[in-house]
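What follows is a set of notes on a single structure, which appears directly below.
The values are calculated or read from the model by the stated rules, or taken from the named source; none is laboratory data. Note that this is a predicted model, so its numbers are computed, not measured. A quick note on method: Cβ atoms are made from the backbone with ideal geometry, for glycine too, and the neighbour counts reach across all protein chains shown.
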Amino acid sequence: MAAAVGVGQQWVLVEMVQAFYEAPAYHLILEGILILWIIRLLFSKTYKLQERSDLTPKEKEELIEEWQPEPLVPPVSKDHPALNYNIVSGPPTHKITVNDKECINFASFNFLGLLDNEKVKNAAQASLKKYGVGTCGPRGFYGTFDVHLELEERLAKFMRTEEAIIYSYGFATIASAIPAYSKRGDIVFVDEAACFAIQKGLQASRSNIKLFKHNDMVDLERLLKEQESEDQKNPRKARVTRRFIVVEGLYMNTGDVCPLPELIKLKYKYKVRIFLEESLSFGVLGEHGRGITEHFGINIDDIDLISANMENSLASIGGFCCGRSFVIDHQRLSGQGYCFSASLPPLLAAAAIEALNIMEDNPDIFQTLQGKCKRIHRALQGISGLKLVGESFSPALHLQLEESCGSRENDVKLLKRVVDYCMNSGIALTQARYLEKEEKCLPPPSIRVVITVEQTEQELDKAASLIKEAAQSVLN
Amino acid sequence: MERPAAEPGAQPRANGCSGAAHGALRNGYVRGLPAPDTQIHHIVHNGGLYKKPFNEAFEETPMLVAVLTYVGYGVLTLFGYLRDFLRQWKIEKCQNATEREEQKDFVPLYQDFENFYTRNLYMRIRDSWNRPICSVPGAKVDMMERVSHDYNWTFMYTGRVIKDIINMGSYNYLGFAQNTGACQEAAAKVLSQYGAGVCSTRQEMGNLDKHEELEKLIARFLGVESAMAYGMGFATNSMNIPALVGKGCLILSDELNHASLVLGARLSGATIRIFKHNNMQSLEKLLKDAIVHGQPRTRRPWKKILILVEGIYSMEGSIVRLPEVIALKKKYKSYLYLDEAHSIGALGPSGRGVVEYFGLNPEDVDVMMGTFTKSFGAAGGYIGGKKELIDYLRTYSHSAVYAASLSPPVVEQIITSMKCIMGEDGSTFGKECVQQLAENTRYFRRRLKEMGFIIYGNEDSPVVPLMLYMPAKIGAFGREMLKRNIGVVVVGFPATPIIESRARFCLSAAHTKEILDTALKEISEVGDLLQLKYSRHRLVPLLDRPFDETTYEETED
């Protein structure tokens, strides 16, 4: 076999040599050129690499010389509506002096009127005498005072949860709590009307954020279903992807209440945890002021985490989260605003404890507040040019323009004239302020009316009729 | 936890054993060294930038100690796995809080590793942290006695109070944490007039006359055009940096910057690059590269560059090389954000912070940030700078729009203590406090060094880290000191690099010489007991942590 193949090859070679001799000269020359061409193609680069672009030190210096940065901050026009603050002289209580005019306060979130409460002040004074003002350290390093422990215990007891944790700043509470649990790759379903602190918490968490339409459970379920089918495609990933729904009890930006019973159903159906921000509803809703869970009669353990600040109803400073120890305790090592910040001044914690005492001793205070909210809600209906937004039992309501006059800037100016009109007649109001470029879903400009228990019925009626009058004179 | 045990090869890098010559080249600005050649080095590089000696030393970790530390973590990790195994088989009782039955089939709320660390390492020495106190956090504090019968899983309060523990842990630099005296009286008066809270934001109805008064005073104190105060120090950083920079801007941040600066930088959406701690070559290289190469991918030039540094680094005790930073910032037309959380009040002949310490002009720092928690014995933070900057922040700061303003009695505490430091209360008390702190610092640091401890940081820094290295010594040091009635702060991973666990003392003007001497005596005793006197007095004292040429970069999507 091998020999036969060898002979065959030999014959082919012989034929080739023969063909070579017989071929015409021009053919050979052509072939020779082709072969040379192939060799050239093989050994030459097919394209020219770009010249190496190393800059000489001199060129670099020129570039550095040439570079002109933007100014650190752009100039702010002198009459920017947010630049010139109202100046409050004296305490910002029921009677307030704004820009030297004495007014009834319809702007501060002092729902229960505890800012001015003598008992609260006395408790804070006693604490000041014992501890001084500052704590000079974070909770971990000798910044834990007995009052902090007491306040945490009291809050947990008040809310009927296992544990509570306090932060020294209301804004930092939910903004630290969210990233303590939700990490990169996790999914958060959040109402598009969520307040700025939630938005910042979400941003810090770097999770996937899915916005659903404000209070629209159908839209939320659509997103959850979408996620479910996504999960079925990739079950391994789904097993480690945490899912959260973040909602507010009463929405700061709209005054609406969240449909909590439906949310709970969705929670168990799709295995999503619920974080609830209750800064506006804590100490306001429910028979004992426990907030939205009490309002709807929901078992508080069905909510994974509740966060609220102590800057509204409790009239102190700071915030807290509460829930089961399994959840809350995790923040003691991973809540950034808890670990890395100085703890709450003891006098503010003492004030919050005393405020809780008052809330526990006078549960009718919440009924009174509800009554007042409903009264002004009725009275503010049907103002021509202004639209009332928010639940009838919400202590913070929004008055928006019925029709925008074209640009946000002009709307703000128009509303400012309404506010100024009221302020001149002794009712202190403020517009809800937003950072227009930073908000995910910017709410329309509005005047925020805040109701407190200290406002008498006459004052409520006066405020309503004054706003009506102002709207008439400014808008028509 | 697993990492170091798994790759002991990383150890020489992590503890900076890469050689002294190496370090001297890269980070060779240390002054006042015994070796004359290094001295020359300094002079060559920094000519006239420093008006006084800048003594900052970091002794390198002894090799044996480093190895033993890793072994320590290895043993702990092994035992951790063993006990987790026992817990899984219900041989050992698991004391963790557990998930609700109804939610067992949800995705776990937090990661296993975090849990592992907490369960098996942190839990063993948890009693060294969160010790509850029940008095003013002054030079001496009263502490609530607590015991644990289940190895730190739960604590019980005995109801007894341990009196007069020497407080080496609180940031009470100037001693203004008091419950008597001018500050307390003024705060009490304001409290009864205004109440505790404010119930509104600055832009809505929470801008009190007191706030305006405070801000004018801060501006005067700092020597800047204008200033603004915020309710929380942490939030001052995390809520204002995003107002200053954004997409298309570059942030150059020191690797050891505080969590609040890191968070603020992340929230801003700007690109973040990290330079080596206090290392000016690293910073300059990043600056130069940034301007020459522009933004990655788009190749557009950066809109602006912001350098983030701290005055005193709270875990290292080092002081920023501000003269050099300012020179670089000017040369490369970038902006400087200086966080004086620990340095304001604590440095400089009249307590004006690190700018005054180096004899520089406050106008050269674009954003002067600081907190009131420490030297002023209050709470909150401020930003000072040009009028345009503050006007802009008044309009666009997240804090001004969305967060409650400072509590009035806290404001009053700041006003009174600041006036006292400035001497505007008509006494020299404030000035004496500043001087006392400086003396205490020098004395305490010198004595500790003489005893043979490895001490980090600048000789003028009131933050004094004493190196413990080994994980078991963290707990042991904390407990032994408490037994001797001294409260100290101990820190380990993750607040420090894994092998550089340390104890940290914060000096105060309220510490008397007797208090310091008692503390020093006890520290020395415990140091012998735990064999902490590692120092070989071989001061080739450069902090040369690993410096690979790659830069860490973080871009927010």
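Brief remarks follow.
- Hits in the stretch B:186-209 - residues which are of a type in the set (D, E, K, R) and either more than 7 Å from chain A (Cβ to nearest Cβ) or at positive phi (or both): B:LYS189
- So B:GLY206, is it touching a residue at least 40 places away in the same chain (Cβ under 8 Å) and crowded, with 22+ Cβ neighbours inside 10 Å: yes
- Taking (1) touching a Cys at 6+ places or on another chain (Cβ under 8 Å); (2) farther than 22 Å from A:CYS322 by Cα in turn, A:GLU277 satisfies each apart from (2).
- Residue that is nearest to the other protein chains (Cβ to nearest Cβ), among those in the stretch B:288-328 that are at positive phi and surrounded by fewer than 20 Cβ atoms within 10 Å (Cβ to Cβ): B:GLY294
- Note on the stretch A:155-192: residues that are within 13 Å of chain B (Cβ to nearest Cβ) and without any contact (Cβ under 8 Å) to a residue 40 or more places away in the chain amount to 1.
- Being surrounded by 23 or more Cβ atoms within 10 Å (Cβ to Cβ) and at pLDDT below 95 holds for only one residue in B:ASN237, B:ASN278, and it is B:ASN278.
- Residues of the stretch B:77-116 classified as more than 14 Å from chain A (Cβ to nearest Cβ), within 23 Å of A:VAL327 (Cβ to Cβ) and hydroxyl-bearing (Ser, Thr, Tyr), total: 0
- Checked against the criterion of being part of a helix (DSSP H, G or I), of a type in the set (A, V, I, L, M) and touching a residue at least 24 places away in the same chain (Cβ under 8 Å), the stretch A:381-404 contains not a single residue that satisfies it.
- Yes/no for A:LYS119 being modelled with pLDDT of 95 or more, part of a helix (DSSP H, G or I) and over 29 Å from B:LEU389 (Cα atoms): yes
- Hey, B:GLY80 crowded, with 18+ Cβ neighbours inside 10 Å, touching a residue at least 60 places away in the same chain (Cβ under 8 Å) and not acidic (Asp, Glu) or not: yes
- Sub-6 Å Cβ pairs linking a first residue in the stretch A:101-123 that is more than 9 Å from every other protein chain (Cβ to nearest Cβ) to a second residue that is of a type in the set (Ser, Thr, Tyr) and assigned to a loop (DSSP other than H, G, I, E, B), at least 6 apart or interchain, are A:LEU112/A:SER313; A:GLY113/A:THR452, ordered by first then second residue.
- Number of the condition not met by B:LEU360 [criteria: (1) in contact with a Pro (Cβ under 8 Å, 6 or more places away or on another chain); (2) closer than 27 Å to B:VAL190 by Cβ; (3) more than 10 Å from chain A (Cβ to nearest Cβ); (4) not in a helix (DSSP H, G or I)]: (2)
- Annotation note: Cβ proximity below 9 Å between a residue of the stretch B:519-539 that is under 15 Å from B:LYS473 (Cβ atoms) and a residue that is of a type in the set (S, T, N, Q) (sequence gap 6+ or interchain) occurs for B:LYS533/B:SER524; B:TYR534/B:THR61.
- Number of residues in the stretch A:341-398 that are among the hydrophobic types (A, V, I, L, M, F, W, C) and either under 30 Å from B:GLY381 (Cα atoms) or in contact with a Phe, Trp or Tyr (Cβ under 8 Å, 6 or more places away or on another chain) (or both) equals 15.
- Considering the stretch B:150-194, the residues that are polar (S, T, N, Q) and assigned to a loop (DSSP other than H, G, I, E, B) include one that is surrounded by the most Cβ atoms within 10 Å (Cβ to Cβ), namely B:ASN172.
- Scanning the stretch B:154-180 for residues that are within 9 Å of another protein chain (Cβ to nearest Cβ), out of contact with any strand residue (DSSP E or B) (no Cβ under 7 Å at 6 or more places or on another chain) and without any contact (Cβ under 8 Å) to a residue 60 or more places away in the chain yields B:ASN179, B:THR180.
- Summed over the stretch B:335-357, the residues that are at negative phi, in a loop (DSSP other than H, G, I, E, B) and either surrounded by 24 or more Cβ atoms within 10 Å (Cβ to Cβ) or within 19 Å of the chain's Cα centre (by Cα) (or both) give a count of 8.
- Among (1) crowded, with 24+ Cβ neighbours inside 10 Å; (2) closer than 18 Å to B:SER135 by Cβ; (3) in contact with a helix residue (DSSP H, G or I) (Cβ under 6 Å, 6 or more places away or on another chain), the one test that A:ALA180 misses: (2)
- Residue identified as in contact with an Asp or Glu (Cβ under 9 Å, 6 or more places away or on another chain), surrounded by 24 or more Cβ atoms within 10 Å (Cβ to Cβ) and either facing chain B (nearest Cβ under 8 Å) or in contact (Cβ under 8 Å) with a residue 24 or more places away in the chain (or both) among A:ILE317, A:ILE353: A:ILE317
- Of A:TYR142, A:TYR181, all but one fail to be farther than 23 Å from B:MET239 by Cα and aromatic (Phe, Trp, Tyr); the exception is A:TYR142.
- Considering the stretch A:238-266, the residues that are under 20 Å from B:VAL107 (Cα atoms), of a type outside the set (A, V, I, L, M, F, W, C) and in contact (Cβ under 8 Å) with a residue 40 or more places away in the chain include one that is surrounded by the most Cβ atoms within 10 Å (Cβ to Cβ), namely A:ARG243.
- Top-ranked residue in the stretch B:413-431 [being closer than 30 Å to A:HIS80 by Cβ and crowded, with 24+ Cβ neighbours inside 10 Å; ranked as nearest to the other protein chains (Cβ to nearest Cβ)]: B:ILE414
- Among the residues making up the stretch A:193-217, a single one is within 11 Å of chain B (Cβ to nearest Cβ), charged (D, E, K, R) and farther than 14 Å from A:ARG242 by Cα: A:LYS200.
- Unique match (being over 28 Å from A:GLU454 (Cα atoms), part of a helix (DSSP H, G or I) and touching a Cys at 6+ places or on another chain (Cβ under 9 Å)) among A:VAL147, A:VAL218: A:VAL147
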